[in-house]
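The structure under discussion appears below in the form of structure tokens.
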Amino acid sequence: MAERIEQRLEDRIPELEQLERVGLFTHKEIRAVLRKASALEYKIQRRALRKEDFINYIQYEVNLLELIKKRRARIGYSFKKDEIEHSILHRVHSLFNRATGKWKDDVQLWLSHVAFCKQWNAKHQLSKVFSTMLAIHSNKPALWIMAAKWEMETRLSSESARHLFLRALRFHPECPKLYQEYFRMELMHAEKQRKEKKEFEQAKMDLGEFNYSEEILNGEMARIVYRDASQKIKGVEFQLAVLSIAKLFDFTQDLQKEILECLQARYADDPLTWDYLARRELELGSLQPTEHTTKQKKASEMAQREERCCAVFDEAVGAVPTEDMWKCYITFCLERYNRKTNSEELKQKRLERTLSVFSKAHESNLLSEALYKQWLQLLLDSSLSEKAVEVAEAATRHFSQSVETWQMRLRVLIQLKRDDVTQCFEEAMKHVKSKGTLPLWTLWVEWSEGTNSKEDTEALYQRSLHATTPAESVTMKEMYLDWTYRNRGYKKAKKLFTSLCENRPFSLDFFRKMIQIEKEQESCKMPNLREYYERALREFGSTNTDLWLDYIKEELSHPQGKPENCGSIHWRAMKMLQGDLVEDFVSKYTLLQTGHL
């Protein structure tokens, strides 16, 4: 192994001598490079190879290349690149080849090699990398697309790109993304040939026997790709994706027409088809000249376009009366309403149209829960409070078991300060199952705290403890304790805490809250704190190290504390804590003893 390493280091000497001779590196720096290279070589020649060692070696060589590049720029020296950089580049490629040969499944390693080749313009080497990578990772369409894109855009080889796409489609015959990019590539090729032909014609050059095929110039290859893909890939999303690509090229009108006809014939019942057809009306410009049109005329023209869109949507909801179709219609209306405009008339039209569509969808019983929420928000923002109350009530009729829908209705009533809030809460509790009602109870008690008497609020808290599931009652216990302390004082809070401790489960915050309440008293009593800590440790002593440490701190810092108790607390913690928590406790306890915690 040592002989091989020595040989590799000797191979570096010519390039290092050149670096020193031309003044890019000093003799001291050359020696440092050799030492570092020697250490890195030994790491990658071991029996047990590590990927990190190869990555570190490659990174060192890349950094060396960057440093040489900066030194060249600084002194203005651009010669001897074959003797210096070429040798380092060859070594990096060799390292990458060894690494990817050892760890073939690491795609990121392959991509790093690709990125390095692109950075240093190693086209020949990159072609080999892509070839080897695709042989191993033929199951990843994104890598085929990357390779074909490089062939097309960097090497300007449409033929190679086409060959790669065809090979990829043998492995992935139903991959939409591959077909989309292949379709795009053929259109780019046609556009490139059209530009070339135009330049030749402008230069009046004689092309001799070379002729440009009219079929290729008109995108016939892309049409073949599209037709083949349409037979294998079903779904309106693919058709729309291909259509959006075709629209990027100005010579594809016939192709766009064919895709659109296919879309309407095969996917007439799909909401996305109608959504596209409707939105397409916005793109159709006005026939009138727009150079000197006023803002009012522009607003009027936009209103007309939007009306045409809505006419298509109206036809759509008649032909495809589904929830998804109404969602597309409403989403369009909301998008237009949220667009900024200086025309108040246009904004008012958009609002009226949106509210009208919401109402029609509601009447058809095809409005989703999420859209009811958006409708309510729009009504509240537009100060249509009475209508908002009606809509909220309708939403809870349609989704009577949804906690979120009831929450939405109740928030509307609370915001509008209505008298029937309590009645609505009672109604909600009848319809919604006990599990999952926590958000409603928290909203109810929060509202009651600011509206009802203390007695009513306390009764509500008591009721919530019995109505919620044991897991949800934990939160209500915390809120009840906090409210009692704020409104009834320390003694009532302490009495409530003792009472609540009779019924599990608890949360750690419940005990911490009581400890905090005790600490806030002028005569904070250590026996009380001990009681609260002991209760908490019975529940959470096996899973929480901080609780034990806080208990120890309390004994050390409190005027009535007994530092001699710390030893027994520590012993109990070591017995009770589980797994890695013991080690965590020991390290924190050591920091506490040394005054670092």
The stretch 213-314 shape via C-alpha gyration tensor axes, a/c threshold 1.5: oblate
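Need one number: convex hull volume per residue for the stretch 119-273, Cα atoms only, in Å³. Before the final figure, lay out the partial values.
Working: hull volume 21.9 nm³, N = 155.
Enclosed volume per residue, from the Cα hull, is 141 Å³.
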Backbone HN-Hα couplings from phi across the stretch 571-577 [Karplus 6.51/-1.76/1.60, Hz, Gly and Pro as x]: 4, 5, 4, 4, 6, 8, 5
In Å, what is the Rg of the alpha-carbon atoms in the chain, and how long is Dmax? 37.1, 107
With +1 on each Lys and Arg Cβ and -1 on each Asp and Glu Cβ, and nothing else charged, work out how big the dipole of the chain is about its Cα centre, in Debye to the nearest 20. 1840
Gap in Å between the Cα centre of the stretch 539-592 and the Cα centre of the stretch 231-247? 65
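Taking 8 Å as the Cα distance limit and 6 or more residues as the minimum spacing, I'd like the relative contact order of the stretch 376-465 as a percentage. Walk me through the numbers before you get to the answer.
On the way: 59 pairs, mean separation 19.0, N = 90.
Value for the stretch 376-465: 21 percent.
For M205, M476, give the ranking by accessible area with the largest first, probe 1.4 Å.
Working: M205 110, M476 0 Å².
Greatest to least solvent exposure: M205, M476.
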Too-long pairs where the Cα-Cα distance tops 28 Å, listed order kept, from K494/K562; K430/K494; K257/K297; K198/K298; K198/K234; K51/K588: K430/K494; K257/K297; K198/K298; K198/K234; K51/K588
Suppose a student asked you for the relative contact order of the stretch 1-103, using Cα pairs under 8 Å spaced at least 6 residues apart; what percent would you report? 33
Between the stretch 336-350 and the stretch 432-490, what is the C-alpha centre distance in whole Å? 44
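For the stretch 473-569, what number results from the quotient of the Cα radius of gyration and 2.2 N^0.38 Å? Intermediate values should be presented prior to the final figure.
On the way: Rg = 13.3 Å, N = 97, 2.2 N^0.38 = 12.5 Å.
The stretch 473-569 yields a ratio of 1.07.
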Measure of exposure for H570: accessible area at 1.4 Å probe, Å² rounded to 10, is 50
Over the stretch 55-173: Rg over Rh, Cα atoms, Kirkwood Rh: 1.04
Accessible area of the stretch 72-194 with a 1.4 Å probe: how many percent of it is carbon plus sulfur? 52
Compute the orientation-averaged projected area for the stretch 337-420 from the convex hull of its Cα atoms and round it to one decimal in nm². 5.8
Determine which lysines satisfy two conditions relative to K204: a Cα distance under 29 Å, and not lying fewer than 8 residues away in the same chain. K192, K195
Please give every one of the lysines within straight-line cross-link reach of K435, meaning a C-alpha to C-alpha distance under 21 Å, and leave out same-chain neighbours fewer than 8 residues apart. K477
Here the Cα Rg-to-2.2 N^0.38 Å ratio for the stretch 520-596 is 1.09
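With the Cα gyration tensor of the stretch 1-103 in hand, give its eigenvalues times 5 under a square root as the equivalent ellipsoid semi-axes, listed largest first in whole angstrom.
Details: eigenvalues 128, 43, 26 Å².
That gives 25, 15, 11 Å for the three semi-axes.
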So which aspartates and glutamates can K128 reach, going by Cα to Cα under 13 Å and dropping same-chain residues fewer than 8 places off? E151
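Treating the beta-carbon of each Lys and Arg as +1 and of each Asp and Glu as -1, no other charges, what is the dipole magnitude of the stretch 1-103 about its Cα centre, to the nearest 20 debye? Could the numbers behind the result be given before it?
Numbers: 23 positive and 16 negative charges, 75 e Å.
Its charge dipole is roughly 360 debye.
The values are calculated or read from the model by the stated rules, or taken from the named source; none is laboratory data. For clarity, every value in this text was computed on a predicted model and none was experimentally measured. Glycine gets a Cβ as well: all are built from the backbone with ideal geometry, and neighbour counts include every protein chain shown. Accessible surface is based on the protein model in full, side chains and every heavy atom, while ligands, DNA and RNA are left aside. Shrake-Rupley method; radii C 1.70, N 1.55, O 1.52, S 1.80 Å.
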